Amino acid sequence: MTSRFLGHHHTVGRTNTVLLVEDMAVVTSLCVQATETEGPAELCFKGPGIFKNRAAEHLSEVVLPLVDRILSGLGLSKKRFELSLTNLGAASFSSREITVAGYSADAPVFLALLSAGLGLALPQDLVSTGHIASPDGDIRMVEGLEAKLTAAVSDKNIETFVYPALDRDMSLPTLLPAGKARLEGAIGKAKANLRLAAVHDIQELIRFVFSDQRIVLAALESGFYRHETPHNDCGSTVEGALSFLHANHEARFWSALESHLLSGQRPEAERLLRSYARFHLERERYPEGMGSRLMQLVQSLPPDICRYQISFPILPMSDCLGLSRLATDRDHEDVRWLMKAAHGERSYSLASAKRPAVDSVTDSDPAEDLLDRILFKLDREAMTSLLRPIDEARATYQLGSTIVDAYEAFNQTVTAFYLHMLRHSRAYIGVIDGEFDASEAFALVDKAYAREGGYKGALAEARTGAHGGLRQVLDRMTEQYKQKEQEQHVLQTLRTMIDPDDWETRTKLVAALIKRWGGVLSPETQSPPPAQLAEHLDEMVMAYVTAQDRLKTFLSSK
């Protein structure tokens, strides 16, 4: 079964491996079909390719049980798998049957079985090799890795190569130092043409191969979405794999849906949204907050994406009505948002859509210990954690065009982007109904373009595209918003740690700050007494934090 989710060439139950045929390595496809069974998990071998007894027994005794433990941990039924080699071009080339006598196909067989069992699509530009050497899923080195890398590089359809990590096989540097050097050289050479991944076990293999977007779709369609069955394999690689497949389904869903909508991928977004609706319909449970979250997402989409790339409805009315029948009294308002959002109604107009006036914008004693605690809460790591969602929001926001021809379109775009940043940086912003006061968005634009005439300068840039058009406008809005959030975080920290009327403490903190600045302030620099600066403590802390962050950024870049 082929999946167009996340683009082309993603197939359930099919993957690539590299096998040695005589003195050559060739890329070969493995195909697995899965059916439910009331008996124990079973692996059968079909087709013209031959798995020798030793290899077949190993797959049945080691690889199949690992897959079965994962399926059971996710609450899914036992499966009967049929495994075959499907790309027989190598057999024609060598005038002989393909035979699998060793264990190098363990990793790709594991992926194909898991893919078929979960309905989890695999990328078809990926090839893997590796020996699953233990019941816990450790992956070990295989023969002919140099030749297999060469075969993968030669295949124009392959972009990614997954192989066992060399550092896991401790015999390589001691018994075969020359061979290890050749392997490292071959790997280094292949990096110019392939994306390479060295894995130690099945947990790392799963984390590398399966993206969040593929996992959440499979979870919805196979039924393990938000499943919380306890596991007995505490600390094992299987437990780690299960934790990864279980984790954050709700966050994964909304992130995947946003990504598809921002990319104008309507079929993918529609499939994901319908799968989400049907999952809850089958369980006769209304998904709490679905309507409001979908409306927030629709409200924050770029206007040109909604106008030209996403045709509404993105969820059929039949699904909306079906979900509405499951709603309780407290869900009725949310159902209203669901109906509107599914049909692309943004549910607000801009109350401040007119151009704002440009003139409105104007350009270790106890104190030491307290200052240390304050600065600890404001260190670079804390600020990075605070600002990362805003950077991610900008990185995911795509524009159909960087030029606008009317200020109404400009207003809609900057307002939608402002809502997008709010959604990413705050836990909940609510649904905007009726007229939306866009003054905060416009104020952000004014400050970002204060040196170029504020709003008028930003609008001119968006109309002409002289320096990137709307792309530059959104970039500047992002930086201005980050600065605003950083300042608010400083204020919030100070207000929770210092009594605003405790002027004695504030004065001592000012003195402590000036003392710390003493090393960089010139001797002739004169500052007012700390008592006169106490009311400016917030600004001084912000200046100190900003300077420290810039210095750390500079030093870490060298």
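The values are calculated or read from the model by the stated rules, or taken from the named source; none is laboratory data. Since the structure is predicted, the reported quantities are computational estimates derived from the model, not experimental observations. Please note: Cβ atoms are built from the backbone with ideal geometry, for glycine as well, and neighbour counts cover all protein chains shown. When the accessible area is computed, the model is the full protein with side chains, heavy atoms only, and any ligands, DNA or RNA have been set aside. Shrake-Rupley method; radii C 1.70, N 1.55, O 1.52, S 1.80 Å.
Quick look at the values:
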{"item": "Selected residue (criterion: farthest from V199 (Cα to Cα)) from residues of segment 237-289 that are of a type in the set (D, E) and not in a helix (DSSP H, G or I)", "result": "E284"}
{"item": "Test: A458 is under 30 Å from G344 (Cβ atoms), of a type in the set (G, A, S) and touching a helix residue (DSSP H, G or I) at 6+ places or on another chain (Cβ under 9 Å)", "result": "yes"}
{"item": "Tabulated pairs, segment 264-277, first at negative phi, second open to solvent by 20 Å² or more (accessible area, probe 1.4 Å) and part of a helix (DSSP H, G or I), C-beta under 6 angstrom, 6+ apart or interchain", "result": "S275/E221"}
{"item": "Breaking point among (1) touching a His at 6+ places or on another chain (Cβ under 6 Å); (2) crowded, with 17+ Cβ neighbours inside 10 Å, for R346", "result": "(1)"}
{"item": "Condition check for A341: closer than 30 Å to F410 by Cβ and not in a loop (DSSP other than H, G, I, E, B)", "result": "yes"}
{"item": "Among (1) aliphatic (A, V, I, L, M); (2) over 20 Å from I310 (Cα atoms); (3) in contact with a Lys or Arg (Cβ under 9 Å, 6 or more places away or on another chain) - the single one I403 does not satisfy", "result": "(2)"}
{"item": "Selected residue (criterion: modelled with the highest pLDDT) from residues of segment 166-187 that are open to solvent by 40 Å² or more (accessible area, probe 1.4 Å) and small (G, A, S)", "result": "G185"}
{"item": "Filtered residue count, segment 368-400, keeping only those that are open to solvent by less than 70 Å² (accessible area, probe 1.4 Å), of a type in the set (G, A, S) and at pLDDT 90 or above", "result": "1"}
{"item": "Residue selected from segment 478-497 under the condition open to solvent by less than 10 Å² (accessible area, probe 1.4 Å) and among the aliphatic types (A, V, I, L, M), by the criterion nearest to the chain's Cα centre (by Cα)", "result": "V490"}
{"item": "Pairs where the first residue, in segment 278-299, is within 18 Å of T328 (Cβ to Cβ) and the second is part of a helix (DSSP H, G or I) and among the small types (G, A, S), C-beta under 6 Å, 6+ apart", "result": "L281/G322"}
{"item": "Verdict on E504 being at pLDDT 85 or above and open to solvent by 90 Å² or more (accessible area, probe 1.4 Å)", "result": "yes"}
{"item": "Candidates H280, H227, H246, filtered to the one that is modelled with pLDDT under 95, farther than 28 Å from F417 by Cα and more than 18 Å from the chain's Cα centre (by Cα)", "result": "H227"}
{"item": "S275 being over 22 Å from A416 (Cβ atoms) and open to solvent by less than 20 Å² (accessible area, probe 1.4 Å)", "result": "yes"}
{"item": "Residue match in segment 290-299 (condition: surrounded by 16 or more Cβ atoms within 10 Å (Cβ to Cβ), touching an Asp or Glu at 6+ places or on another chain (Cβ under 8 Å) and charged (D, E, K, R))", "result": "no"}
{"item": "Hey, A351 modelled with pLDDT under 95 and touching a strand residue (DSSP E or B) at 6+ places or on another chain (Cβ under 6 Å) or not", "result": "yes"}
{"item": "Only one of A466, A443 that is surrounded by fewer than 18 Cβ atoms within 10 Å (Cβ to Cβ) and of a type in the set (A, V, I, L, M)", "result": "A466"}
{"item": "Spans of helices (runs of 4 or more DSSP H) in segment 23-129 with at least 1 residues modelled with pLDDT of 95 or more and open to solvent by less than 10 Å² (accessible area, probe 1.4 Å)", "result": "64-73, 106-118"}
{"item": "Residues that are assigned to a loop (DSSP other than H, G, I, E, B) and farther than 15 Å from K180 by Cβ, drawn from segment 130-156", "result": "G130, A133, S134, P135, D136, G137, D155, K156"}
